[in-house]
Amino acid sequence: MPPRCSIRSASAPTAPTNSKDRLFEEWNAKRQWAAFAAIACLSPAAHAFNVFACEPEWGSLVHELAPDKITIDVATTAMQDVHVIEARPSLIAKVRRADLVVCSGADLEVGWLPQLIRQAGNPKVASGPGYFLAADQVTTLEKVALLDRAAGDVHPQGNPHIQLDPYRVLAIAKALDARLAQLDAANAAVYQQKLADFTTRWQAAIKTWEAKAAALKGRKVVVHHSSWVYLTQWLGIEQIGALEPKPGVPPTSAHLASLIDVTRNQHALAIIRAAYQDPKPADWLAERTGVPALTLPYTVGGDAQAQDLFGLFDSTIDKLLGAIK
Amino acid sequence: MNLEGLDPTILGPACIAGVLVLSTHVPLGQQVLARGIIFIDLAIAQIAALGVLVAMYFGIDEHGASVQFAAAAAALLGAALLTWTERRWPDQQEPLIGTLFVLAATGALLLLANNPHGGEHLKELLIGQILWVSLGQLIPVAILSAVLLTLMVLLRARLSGLIFYGVFALAITASVQLVGVYLVFASLIMPALATIGLSGRKRTIVAYTVGVLGYVIGLALSAVLDLPSGALIVWTLAGCGIAARLVFASEARPEPALEPATDSLHRT
């Protein structure tokens, strides 16, 4: 048997908190070893718990909630537009070995996730508990009762860019933690303890962020795409315009002319775009109005400071505050 | 390095899709090259996409078979138009094809000005992704390819005018949705270009070999290097084409650069 196999099978134990846990851990390790020997190293990761996250923010959240030994594969980076991604064989392989798929939902990944799951043919994550959509755990904004083409690229299940409201993130964390504990029952106690720890730190961080961001209340911003409603609603910022006249529709000259007036006359604080978006439209508007264009990380990995969910909110608020002269 | 993607059940359907696309595109590509109308595939694909958008504009269901009929009907109309322009202005066919391409592409943008959901369908029609291909999707394409190949073999001496453009339109409409515009262009032009000095059965065999090797190596490399499959296959097809040119360089030299159109499918 190749040495790689025995190394992987021995990697299971974390520091157990009491003897009951340790017994369980040992029994679990034996059981895993038996299952492992049975399939004779055909699939080196089969015994571990594998999570496939569509976006970095959910990968980061799983990382906060789960023991270190689980594998987390993240399909996209902060520099990609998650509405569209290029197909790579490794994505199918990762979904195939996943025990849980965690995505934003509300049709954000509708262009590729259904094909990816169909192609992977993994019944564990095709539906049921192995398929976790963050947007299903909270109420979404901008939900439309009647889908009208004329309204632009609106998602009938509401705006899917939910990760920039810390209260929704907390609600999603609770639901996700319950799901992880259900699927990876051997580590249920670890998940419970990790959630308690995360909740304490997160609630303290929310207090800090809200105190810092008080100066932003009532300020006005222009956005590139309608991906900031949860942030602006949380901080009491007013969105006075968008470069895209309707979500996903490129601007016309008449729209841009009125946007210049609105941006100037209403004294917008900044023109906001995500790290992955084309800088040209926001720069164009900034040049004509004197209002600064501001690149916000939008998700984990979007800038040097946003290395986890805490850093994401720290960086977003710092950058918005930096625009106040 | 990433060996877990090297799974035949992941790469298999993509490989079959590649072979099906090559089956019709290798002989068609030789015709396209001989006629000097390189960008006709882009024009036909755009016209097919435009047809779908027009059909949606008039309220047809955006899913299911009706979309395919709209795409095929538009592509055939475009083919008929190109047949007519070829007869009317034979020496202006290439610039007319280019003009038709930009008109169809920008026509789609104008139709989509207020309809971003149509944009998703436009993308689906133009940027098929080879890895998302399912076996169920391949069955109708296999039947269509068999019919078109039979037609091409039976009519090889008379594969001109309306029949050529019609066969071409149907083949492109099907393949673009499977593998996307870039791969369709590469499958059409590169094997034909690589074998331009050869002729007859030998040319056909070498061209198919270049195509199949390009797809297989490209798919395997995209798994190992964790890169997008479609884009990488375009590069491996080019690599295999250059290799074929080098291997057969001595045989190719005495031949004329371009053969007449009617000879390109002629087998010895």
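Peptide A:87-100 has a mean of 6 when you count, residue by residue, the C-beta atoms of other protein chains within 10 Å of its C-beta.
Relative contact order, whole percent, for the range A:216-322 stands at 22, derived from Cα pairs under 8 Å and 6 or more residues apart. A P(r) calculated from all alpha carbon pairs of the range B:1-101, with 5 Å bins opening at zero, reads 2, 12, 14, 16, 16, 13, 12, 8, 4, 2, 1, 0 percent. Under a 5 Å amide H cut-off, with hydrogens placed 1.01 Å from N, A:ALA242 pairs with A:VAL223 among residues at least 5 apart or on other chains. The magnitude of the dipole of the range A:216-322, with charges of +1 and -1 set on the Cβ of Lys/Arg and Asp/Glu and taken from the Cα centre, is near 320 debye. The mean count of C-beta atoms from other chains within 10 Å of the C-beta of residues in B:223-230, rounded to a whole number, is 4. The HN-Hα couplings worked out from phi for the range B:88-96 by the Karplus form 6.51 cos²θ - 1.76 cosθ + 1.60 (θ = phi - 60°) are 6, 10, x, 8, 10, 5, 4, x, 5 Hz, whole numbers, x standing for Gly and Pro. Computed over the range B:125-225, the quotient of the alpha carbon radius of gyration and 2.2 N^0.38 Å is 1.16. Fewest-first ordering of B:LEU110, A:LEU180, B:LEU126, A:LEU309 by other beta carbons within 10 Å of each residue's beta carbon gives B:LEU110, B:LEU126, A:LEU309, A:LEU180.
Using the Karplus relation 6.51 cos²θ - 1.76 cosθ + 1.60 with θ = phi - 60°, the per-residue 3J(HN,Hα) values for the range A:59-71 come to x, 5, 5, 4, 4, 5, 9, 10, x, 4, 6, 6, 8 Hz, with x marking Gly and Pro.
Tell me the volume per residue, in Å³, of the convex hull enclosing the alpha carbons of the range B:3-263. Walk me through the intermediate numbers first.
Values: hull volume 32.3 nm³, N = 261.
With only Cα atoms used, the range B:3-263 gives 124 Å³ per residue.
Amide H to amide H, with H built 1.01 Å from N, A:ALA53 comes under 5 Å of A:ASP73, A:VAL74, A:ALA75, A:VAL102, counting only residues 5 or more places away or on other chains. The trypsin sites (Lys or Arg not before Pro) of the range A:159-261 that DSSP puts in a loop, and whose beta carbon has at most 14 other beta carbons within 10 Å, are A:LYS217. An ellipsoid equivalent to the range A:216-322, defined through the eigenvalues of its Cα gyration tensor, has semi-axes of 23, 15, 12 Å when rounded to whole angstrom and sorted largest first.
Compute the signed sum of charges (Lys and Arg +1, Asp and Glu -1) over the other residues within less than 11 Å, Cβ to Cβ, of B:LEU28.
Numbers: positive: B:ARG35; negative: B:ASP41.
Net of charged neighbours comes to 0.
A cut-off of 5 Å between modelled amide H atoms, ignoring neighbours fewer than 5 places along the same chain, links A:ILE237 with A:GLY218.
Coordinate-derived values only; no laboratory data. If you're wondering where the values come from, they're calculated on a predicted model, not measured in any experiment. Heads up, the Cβs are rebuilt from the backbone with ideal geometry, glycines too, and the neighbour counts pull from every protein chain shown.
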